[in-house]
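Visitor: Please read through the structure below; I'll follow up with questions.
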Amino acid sequence: MIRLKVQGRAESYELNPSKIIALGLNYRDHIAESVSVKIKGFTAEIPDEPILFPKTPNVLIGPEEAIIIPAFLKDYHFKEPRVDYEAELAIIIKDRCKNVAVEQALDHIFGYTCMNDVSQRNIQNSDRSGWFRGKSLDTFGPVGPQIVLQKDLPNVQDLRIRCRLNGKTVQDANTGDMIFDIPAIIAFVSRNFTLMPGDIITTGTPSGVGPLKHGDLVEVEVEGIGILKNPVVEE
C-alpha cells in the first residue's frame with residue numbers, strides 16, 4: 001500500500017489494489033523490438049485481443065523510492081543479467097465492475113498515473129510458468145508522482161509518454177499509438193475479471209526498453225500527469 005496525492009485535492013489516495021493487470025504488446029513498435037530482444041512469448045504478429053499478465057501488489061513503490069535489484073539474482077550467474085525499465089500509463093479503477101461495455105468504460109476510471117513496469121528479463125524468459133515472477137519482484141512497480149482524475153484528463157488517448165535514463169531520453173511515444181485503446185482494454189479485462197476499487201491496469205510500453213543498473217536514475221513522464229523518478233540500487 002502506498003499513498004499518492006490527487007491533483008486538485010487536498011487529501012491523498014491510498015493505493016491498495018486487489019490486483020494489478022498489465023498489458024503486453026500494446027504498441028506496434030515495441031512488438032518489433034521485443035522480437036529483437038528475444039522476449040519469451042513475443043512474436044511479430046499484431047495480437048487479436050489484449051495480452052494480459054499479472055503484477056502483484058508488492059511491486060508498488062512511490063516517487064523517489066528505490067528500485068531494488070535483488071541480491072539472489074547473482075546466484076543464477078546469468079551471462080547477461082538484465083532488469084529493464086518500461087514506461088507506461090496506468091489506469092486506477094473507481095468501482096466494482098464486471099462486463100463493462102466499451103461505451104461506459106471511462107465511467108469506471110478513478111484516474112491515471114505513471115507506472116514503470118520493471119521486468120527481470122532472464123527470469124521472464126526462463127521460468128516455465130511464464131512472466132509472473134520476473135514481473136513481480138519487490139519494488140518492480142513504481143507509480144506516481146500523482147493521480148490525475150479521469151475528468152481532468154479528457155485527452156488520455158493523445159498524451160506524450162517518455163522515459164529518461166540518467167537524463168537521456170530512451171522512450172518517446174504517444175498513447176494514441178496503442179493497439180487497444182483504454183475503453184477496449186477495460187471492456188476486455190472486466191469480461192475476464194471482476195475489477196475492484198483501486199485495481200490498476202497498466203497499458204503497455206512503447207519501444208526503447210533497456211537495462212537498469214546500480215546508480216541509475218530512471219524517469220517516466222506522461223503528459224498531463226508529471227514525472228515519476230526512481231533511483232536504482234543493488235540489494
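Visitor: Give the residue, chosen from Asn58, Asn99, Asn116, that is in contact (Cβ under 8 Å) with a residue 60 or more places away in the chain, among the polar types (S, T, N, Q) and within 16 Å of Val218 (Cβ to Cβ).
Guide: Going through Asn58, Asn99, Asn116 in turn, the sole match is Asn116.
Visitor: Okay, moving on. Filtering the stretch 1-24 down to residues that are within 18 Å of the chain's Cα centre (by Cα) and among the hydrophobic types (A, V, I, L, M, F, W, C), which residue is surrounded by the most Cβ atoms within 10 Å (Cβ to Cβ)?
Guide: It comes out as Ala22.
Visitor: Here's another thing I want to ask about it. Which of the residues belonging to the stretch 200-221 are hydroxyl-bearing (Ser, Thr, Tyr) and more than 12 Å from the chain's Cα centre (by Cα)? Quick ask: steps written out before the conclusion?
Guide: Taking the stretch 200-221 as the starting set, the residues that turn out to be hydroxyl-bearing (Ser, Thr, Tyr) are 202-203, 205, 207.
Selection gives Ser207 alone.
Visitor: Yes or no: Lys168 of a type in the set (Lys, Arg), touching an Asp or Glu at 6+ places or on another chain (Cβ under 9 Å) and modelled with pLDDT of 95 or more? Outline the logic, then answer.
Guide: Details: of a type in the set (Lys, Arg): yes; touching an Asp or Glu at 6+ places or on another chain (Cβ under 9 Å): no; modelled with pLDDT of 95 or more: yes.
No, not satisfied.
Visitor: Suppose we keep only residues that are of a type in the set (A, V, I, L, M, F, W, C) and within 14 Å of the chain's Cα centre (by Cα) within the stretch 170-199. Which one would you say is surrounded by the most Cβ atoms within 10 Å (Cβ to Cβ)?
Guide: In this case the residue turns out to be Ile185.
Visitor: Just one of Asp152, Asp117 is within 27 Å of Ala66 (Cβ to Cβ) and touching a strand residue (DSSP E or B) at 6+ places or on another chain (Cβ under 9 Å); which is it?
Guide: The unique qualifying residue is Asp117.
Visitor: For the stretch 25-50: of the residues being more than 16 Å from Leu89 (Cβ to Cβ) and at pLDDT 85 or above, which is farthest from the chain's Cα centre (by Cα)?
Guide: Taking the candidates together, the pick is Asp48.
Visitor: Follow-up question, since we're still on this one. Would you list the strands (runs of 3 or more DSSP E) that sit entirely within the stretch 84-193 and hold 1 or more residues that are closer than 15 Å to Leu25 by Cα?
Guide: Fully inside the stretch 84-193 and qualifying: 87-93, 168-174.
The values are calculated or read from the model by the stated rules, or taken from the named source; none is laboratory data. Keep in mind the model is a prediction, meaning the values are calculated, not measured. Using ideal geometry, Cβ is built from the backbone for each residue, glycine included, and neighbour counts are taken over all protein chains shown.
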